[in-house]
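Structure first, then comments.
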Amino acid sequence: MSAHITLGEALRRRGVSRRGFLKFCTATASMMALPPTMVGAVAEALESAPRPSVIWLSFQECTGCTESLTRSHAPTVEGLIFDHISLDYHHTLQAASGDAAEEAREEAMHAHWGNYLLVVDGSIPLANPGYSTIAGMSNLDMLKESAEGAAAIIAVGSCAAFGGLPKAKPNPTGAVSVADIIKDKPIINVPGCPPVPSVMTGVLAHYLTFGTIPELDVYGRPKVFFGQNIHDRCYRRTFYDRGLFAKTFDDEGARKGWCLYRLGCKGPTTYNACATMKWNQGASWPIEAGHGCLGCSEPDFWDAGGFYRALSIPINDPAAAIGIGVVAGAAIGIASGAMAHRKKVEATHHREPLKVEQLEGKA
Amino acid sequence: MNTTDHAAVTLRPLLHEIHHALQRLAQVGEEHTIDLEALPFGPGDEALLLEFLGSGEVAAQLHALGESRVLESRFPGVWLVTHFSEEGVRLAQQLEITRTPALLRTPQEELGVAVEQFAQALREQGGADDV
Ligand code: SF4
């Protein structure tokens, strides 16, 4: 597709009517979390938006972010990303590989120098460049080279945004985020493990529509999607406010849909759009499915003290080790707490590393 | 209206917003749109809302980049507009408080084309030298 064509023209050429175009704008505005009054502005901007070039690099990652995005049914995902935005290079998705793929990247960089959008998923290993290479080139070198001619960078997923899982203690590969390396380009962080698909397409759509970087929070995340915490938008909040908590995953509270705070929900400290945008075409989201929020869009969520540990309970609290709400009386509480503490200390002393055979169920 | 605990929290303010918007439409003609995708609905909230709104006299279907449904609720002036993709996946859902949702009106941009197309059709019918 020509680099000069606008989205309005592209849609008209495909036989899309004015009503179809307005519908497309309505869905795009909704995806960008813009108020409905902005549909007109979106339509006007998209009419004249030029086609940008996108280069997508994948480093130390699990492909979950790409899976999440390509499984999204956002209105525009095929049209927006593949036809219009034009993905000039994505080594996970494209048919070419090795030298041919690298040539495609270099060609796209050369043709759109200074103007292309660089999307990165995965963290970058600094301990040894050999931990992750593409066509023999280290992730660090490829990032630096590709970032140089980029207009802006979108770090997709918690690995690219914050180091993510590869950076979890003890961080064997010396993983770092994109922002740890690139200091002279605008970087939009879209964390999540993976990010909500419509948030990814929403950020891409914002850039495509307005050609600008959205307003970012202190972690470089677009405020429009990461400006409110899960807890404030959670439909279980009414139970939290009344002190009604599920204490196990199958008790009466769990069945009645009470708050999951005591089961380790990280909603109160997590900023993301899951409560409104949801997953699987809006079908549900983790808390609605009965599991607390893991806090996956926050830095170092993997090392935040345990997914099933309630937030305000200190990590070494003996009562927490045997579950909350069991303290029927002070004496019993102290005694059982002490026992649990002893057991925990013993377990720590006697802990043996898990073997691969055990994981595979052979031992 | 039977509401669950969380529905009471989510839906009551929304119903008041709709009522207020309807008052503004009746008094000064001001239109209002609410994006239902942006609301933190819990399980069952949306069904309760739709049950409350019910259906009125108008139901329209559009076919442009997939289907769209435009339904007037049992309260004249409160419309539910739902957009689907070509694969039938829901893309957006809005409540429009208006006398006619914009999507139902013929776009100005297409009127000129329509005049041309009509003239062409007349010519093809034959003997229409005057068009
Ligand atoms: S389930 Fe989590 S996010 Fe929801 S109210 Fe309880 S603590 Fe807050």
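Could you report the buried accessible area between A and B, both sides summed, computed with a 1.4 Å probe and given in Å² to the nearest 100? By this definition, chains A and B bury close to 2400 Å². All other residues whose Cβ lies under 13 angstrom from that of residue B:71 are scored, Lys and Arg at +1 and Asp and Glu at -1, for a net of -2. The residues of the stretch A:253-282 occluded by other protein chains by 40 Å² or more of accessible area, set against the chain on its own, are A:276; surface from heavy atoms, 1.4 Å probe.
For the segment A:22-30, counting C-beta atoms of other chains within 10 Å of every residue's C-beta and taking the mean gives 6.
Surface composition of the stretch A:213-316: carbon and sulfur make up 52 percent of the accessible area, probe 1.4 Å. For the residue pairs A:223/A:278; A:169/A:278; A:183/A:223; A:23/A:185; A:256/A:278; A:185/A:223, the C-alpha atoms sit more than 24 angstrom apart in A:169/A:278; A:23/A:185. Using helices alone, what [θ] at 222 nm do you get for chain B, with -39,500 (n - 2.57) per DSSP H run of 4 or more residues, divided over all residues and rounded to the nearest 500? When only DSSP H runs of four or more count, the value is -13000 deg cm²/dmol. Counting charges near residue A:246 (Lys, Arg +1; Asp, Glu -1) among other residues having Cβ under 10 Å from its Cβ returns a value of +2.
The values are calculated or read from the model by the stated rules, or taken from the named source; none is laboratory data. On a predicted model such as this, the values are computed, not experimentally measured, just so you know. Positions of Cβ are backbone-derived with ideal geometry, glycine not excepted, and every protein chain shown enters the neighbour counts. With ligands, DNA and RNA removed, areas are computed over all heavy atoms of the protein, side chains included. Shrake-Rupley method; radii C 1.70, N 1.55, O 1.52, S 1.80 Å.
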